[in-house]
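The values are calculated or read from the model by the stated rules, or taken from the named source; none is laboratory data. Keep in mind that this is a model prediction, so the values were computed, not measured. Counting neighbours? That spans all protein chains shown, and the Cβs are built from the backbone with ideal geometry, glycine included.
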């Protein structure tokens, strides 16, 4: 029985799993979007979201704490600089998982994991949808053109 065991071991030893998640988190921070399996993406989300929350407070202690997980100075600069500004007002949910289908070789479920504030195509389409919804709010009725009886009588004669 595996009651209360929430960690997905991903078929690896603890050191290998730690290195895998560290490398994936670094890649996610640098590239803003990576393609991986669904199981790894879910494990990565649990790993990286606390680091993103930690990056909101730019102190020496939080930088050292995050560096102990990532071990990449360039990723730390990006995280505490550009990314921390964008996620400053967000209360959580910094990543998004988008399923893309199944891998051809072993039929593993594949997906993209991305930082929410960096998907420009989704952000732009969301703004377009909001504008279109504002314009399409006119109520349509089936009562006719809205002309009164006197106007229609005058038009017929």
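Key figures for this structure:
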| read-out | value |
| --- | --- |
| From the options 18, 6, 54, 46, residue that is out of contact with any helix residue (DSSP H, G or I) (no Cβ under 7 Å at 6 or more places or on another chain) and either at pLDDT below 95 or surrounded by 17 or more Cβ atoms within 10 Å (Cβ to Cβ) (or both) | 6 |
| Test set (1) surrounded by fewer than 13 Cβ atoms within 10 Å (Cβ to Cβ); (2) within 19 Å of residue 18 (Cα to Cα) - residue 81 fails condition number | (2) |
| Boolean, residue 122 is under 15 Å from residue 29 (Cα atoms), at pLDDT 70 or above and part of a helix (DSSP H, G or I) | no |
| Within segment 94-123, considering residues that are under 23 Å from residue 39 (Cα atoms) and loosely packed, with under 11 Cβ neighbours inside 10 Å, the one nearest to the chain's Cα centre (by Cα) | 101 |
| Residues satisfying the stated conditions in segment 68-78, i.e. within 17 Å of residue 49 (Cβ to Cβ) and surrounded by 13 or more Cβ atoms within 10 Å (Cβ to Cβ) | 69, 70, 75, 76, 78 |
| Residue under evaluation residue 102, criteria (1) at pLDDT below 95; (2) more than 26 Å from residue 51 (Cα to Cα), criterion not met | (1) |
